[in-house]
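**Q** Below are the structure tokens for one structure; questions will follow.
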Amino acid sequence: MKQLVRRLSTTLLVTITIIAVLVLWEVLVRLLDIPMYLVPPPSAVFKETLRLGPELLRHTWVTFYEIVIGFLISVVLGVPIGILIVYSPWLEQVSYVLLVISQAVPKVALAPLFLVWLGFGMQTIVLLTFLISFFPIVVNTVVGMRSIAPEMLLLAKAMKATQLQTFAIFRLPVALPSIFGGLKVASTLAVVGAIVAEFVGSQEGLGYLILSANANFQTPLAFAAIAILSLMGLAIFYFIAFLENRVVFWQRSNELEPEAWQRASVGVDL
Amino acid sequence: MSRSNSSLGAAVRMTNLEKTFYSRTGTVKAVEDVSLNVAAGQFVSLLGPSGCGKSTILNMVAGLTPVSGGTLTIDDHAVTEPLDEMGIVFQRDLLLEWRTVLDNILLPLQIKRAQTPESLKQALELLELVNLADFAHCYPRELSGGMRQRVAICRALITTPRLLLMDEPFAALDALTREQLGVDLLRIQTHYHPTVLFVTHSIDEAVLLSDTVVVLSARPARILATFDIPLGKRRDGLTRRTQEYLNVVSQVRAVLEEYAQTPCLVSSSVSE
Ligand SMILES: Nc1ncnc2c1ncn2[C@@H]1O[C@H](COP(=O)(O)OP(=O)(O)OP(=O)(O)O)[C@@H](O)[C@H]1O
Ligand SMILES: [Mg+2]
């Protein structure tokens, strides 16, 4: 109950802050008479959003789709590769070095090349999104898998757990918090990757929209696209955080509920 | 209690046991020429300075670390892998945070695919034995350190082990909890009669709980002295006030102090 109140009041505080910033922005733009093509007032951005609703929605969907596909591919490949790296000394030596080297290449710089190789379109954007979000997932999986206490592995051995059991019962759950940390970082990077890729080679999506709006001095539209993009990034991030709370329930960031404490302290007989 | 008739503990026999670790930084001789017989059902403590090789001895008995020299047998079989009917408790409770207390206790059976409808009842009986019956469905994070360690002990006992290995199981606990758990442990032993090999830094604890206390030298571990503790089987917190108890404690302390002053002097086995 107390927690619910606290959470509600946090939400309220955040909402009020955002509204205050928007109002201040509106007032400043009007008072200082800043031209629309430099900084539009929030009201103009909002109007533009409504006017171009269906069009915006289409571009939003395209970008969302690219982000999700690119991100999912990096999850589906990144987590198993991270696990394999921990289990295979050979892979560890070869692939880890390769990964780090590949990480040194700024992937955004590869975007024009991919365009040449794969052509104009979604496949190029998805590939770049995947490449950018892949690395943190692999690294966090490796770190998580390694974070198991040596005694825990001794315990597994003493219980005569098979390799598979040791993985499924001990190592994977221990690694999950770290893996989710990687997923959260990767999700924000995936958004960046998709937008940059769209800048370089796309005729649709929010990244394309921002560029073309800028070129035509439709600054309110650019702002609208940026706002939608931010909201999308937030939504994806919080969706993963929500999953994390469900899956890694034993590491929930909030403290013990008071009832649990009471239950735990009763019956300690000294 | 409806247990199989495995009331016989395992007999552990070490003869000229040796352990040398080879690593990049060089070789470390951790255990040297340790010969020790632990009869079935005995409670034997290993006492010695930090880093002397106590855990190493325990891990060799557990089948977790290979032996470098000498022989090590359990019931006359050379140790090559962990004994099936073995329970082990470490200094850290190593509970799985994502499993309830009950599921943590049942873990060894699940791993061995030996869980039966009876198992649940046995787990609850064990919890009863350590006064945690109400916490079966809690998660470890809801328990105190002492309660968690009691769960770890239950987990070690669920397979009705004939050999119970404990590596400083109470070291992270406060003195009162520690004594309480020690007495709990004795009560458990009279129920199940496993052989117990118990590593500790505490002279008091070793004397209070053991049939035999083995005092080890600094690394490499050698046996300095062996004490048979003449306190009978029934012991509790009050035992600490008896004259016999105080006598033995001061004898053990004397050996350790003498050794601390002249480490090269190895006194021969003193048996009571
Ligand atoms: N895997 C290993 N590789 C190399 N050296 C090791 C290894 N395990 C233990 N040792 C060394 O063997 C010696 C004995 O270690 P051990 O853990 O048995 O000591 P201990 O008596 O249990 O100490 P403590 O009371 O502090 O737990 C130490 O000097 C340690 O450095
Ligand atoms: Mg140790």
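The values are calculated or read from the model by the stated rules, or taken from the named source; none is laboratory data. Source: prediction; values computed, not measured. As a convention, Cβ positions derive from the backbone with ideal geometry for all residues, glycine included, and neighbour counts pool all protein chains shown. SASA here: full protein model, heavy atoms, side chains in, ligands and nucleic acids out. Shrake-Rupley method; radii C 1.70, N 1.55, O 1.52, S 1.80 Å.
**Q** With the condition kept exactly as written, say whether any residue in the range A:4-19 is touching a helix residue (DSSP H, G or I) at 6+ places or on another chain (Cβ under 8 Å) and either exposed (fewer than 13 other Cβ atoms within 10 Å of the Cβ) or among the hydrophobic types (A, V, I, L, M, F, W, C) (or both).
**A** No, the range A:4-19 has no match at all.
**Q** Sticking with this one: Any residue at all in the range B:135-143 that's modelled with pLDDT under 85, more than 11 Å from chain A (Cβ to nearest Cβ), more than 16 Å from ligand 1 (Cβ to nearest atom) and over 28 Å from B:GLY53 (Cα atoms)?
**A** So far as the range B:135-143 goes, no, none of its residues is modelled with pLDDT under 85, more than 11 Å from chain A (Cβ to nearest Cβ), more than 16 Å from ligand 1 (Cβ to nearest atom) and over 28 Å from B:GLY53 (Cα atoms).
**Q** Please verify whether A:LEU115 is closer than 20 Å to A:VAL200 by Cα and touching a residue at least 12 places away in the same chain (Cβ under 8 Å), treating the condition exactly as stated.
**A** Yes: the conditions hold for A:LEU115.
**Q** Quick one: what pairs do we get from the range A:163-192, first residue farther than 16 Å from A:VAL79 by Cα and within 14 Å of another protein chain (Cβ to nearest Cβ), second in a helix (DSSP H, G or I) and among the β-branched types (Val, Ile, Thr), C-beta under 8 Å, 6+ apart or different chains?
**A** Partner pairs satisfying both residue conditions: A:GLN165/B:ILE111; A:ILE169/B:ILE111.
**Q** Which helices (runs of 4 or more DSSP H) sit wholly inside the range B:117-235 and have at least 3 residues that are outside the structural domain of B:SER50 (by TED's automatic domain parsing) and open to solvent by less than 10 Å² (accessible area, probe 1.4 Å)?
**A** Here the list reads B:117-129, B:145-157.
**Q** A further question on this structure: Regarding B:LEU8, is this residue in a loop (DSSP other than H, G, I, E, B), buried (at least 20 other Cβ atoms within 10 Å of the Cβ) and more than 16 Å from ligand 1 (Cβ to nearest atom)?
**A** Against the criterion (in a loop (DSSP other than H, G, I, E, B), buried (at least 20 other Cβ atoms within 10 Å of the Cβ) and more than 16 Å from ligand 1 (Cβ to nearest atom)), B:LEU8 does not qualify.
**Q** Here is a further query. Filter the range B:99-118 down to the residues that are free of Cβ contacts under 8 Å to residues at least 12 places away in the same chain and farther than 16 Å from A:LYS157 by Cα, then identify the one that is nearest to the other protein chains (Cβ to nearest Cβ).
**A** B:ASP103
**Q** Which condition breaks for B:ALA62 when tested against (1) within 14 Å of ligand 2 (Cβ to nearest atom); (2) at pLDDT 90 or above; (3) exposed (fewer than 15 other Cβ atoms within 10 Å of the Cβ)?
**A** So B:ALA62 meets the others, but not (3).
**Q** Looking only at the range B:71-98, count every residue that is closer than 16 Å to B:PRO161 by Cα, in contact (Cβ under 8 Å) with a residue 60 or more places away in the chain and within 14 Å of another protein chain (Cβ to nearest Cβ) and tell me the total.
**A** Residues meeting the conditions: 9.
**Q** Within the range B:153-172, how many residues are within 11 Å of chain A (Cβ to nearest Cβ) and within 16 Å of ligand 2 (Cβ to nearest atom)?
**A** 2
**Q** Any chance the range B:237-250 includes a residue that's over 29 Å from B:GLU85 (Cα atoms), among the small types (Gly, Ala, Ser), part of a helix (DSSP H, G or I) and free of Cβ contacts under 8 Å to residues at least 12 places away in the same chain?
**A** yes
**Q** Which one of these does B:MET147 not meet: (1) facing chain A (nearest Cβ under 8 Å); (2) more than 15 Å from B:ILE105 (Cβ to Cβ); (3) out of contact with any Ser or Thr (no Cβ under 7 Å at 6 or more places or on another chain)?
**A** (2)
**Q** For the range B:47-64, give me each residue that is out of contact with any Pro (no Cβ under 7 Å at 6 or more places or on another chain) and within 8 Å of ligand 1 (Cβ to nearest atom).
**A** Hits for the range B:47-64 are B:GLY48, B:PRO49, B:SER50, B:GLY51, B:CYS52, B:LYS54, B:SER55, B:THR56, B:ILE57, B:LEU58, B:ASN59.
**Q** Looking at B:ASP167, B:ASP184, can you tell me which residue is touching a Ser or Thr at 6+ places or on another chain (Cβ under 7 Å) and of a type in the set (D, E, K, R)?
**A** That would be B:ASP167, the only listed residue that is touching a Ser or Thr at 6+ places or on another chain (Cβ under 7 Å) and of a type in the set (D, E, K, R).
Yes/no per residue for (1) assigned to a helix (DSSP H, G or I); (2) of a type in the set (Lys, Arg); (3) within 14 Å of chain B (Cβ to nearest Cβ); (4) open to solvent by 20 Å² or more (accessible area, probe 1.4 Å):
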residue: A:VAL100; (1), (2), (3), (4): yes, no, no, yes
residue: A:LEU113; (1), (2), (3), (4): yes, no, no, yes
residue: A:PHE130; (1), (2), (3), (4): yes, no, no, yes
residue: A:THR141; (1), (2), (3), (4): yes, no, no, no
residue: A:LEU155; (1), (2), (3), (4): yes, no, yes, no
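**Q** Out of everything in the range B:19-43 that is surrounded by 18 or more Cβ atoms within 10 Å (Cβ to Cβ) and away from ligand 2 (no atom under 16 Å from the Cβ), what residue ends up being nearest to the other protein chains (Cβ to nearest Cβ)?
**A** This residue is B:VAL38.
**Q** Shifting gears a bit: Give just the number: which of (1) closer than 30 Å to B:ILE105 by Cα; (2) surrounded by fewer than 21 Cβ atoms within 10 Å (Cβ to Cβ); (3) touching a residue at least 24 places away in the same chain (Cβ under 8 Å) does A:MET232 not satisfy?
**A** Going through (1) closer than 30 Å to B:ILE105 by Cα; (2) surrounded by fewer than 21 Cβ atoms within 10 Å (Cβ to Cβ); (3) touching a residue at least 24 places away in the same chain (Cβ under 8 Å) one by one, A:MET232 breaks only (1).
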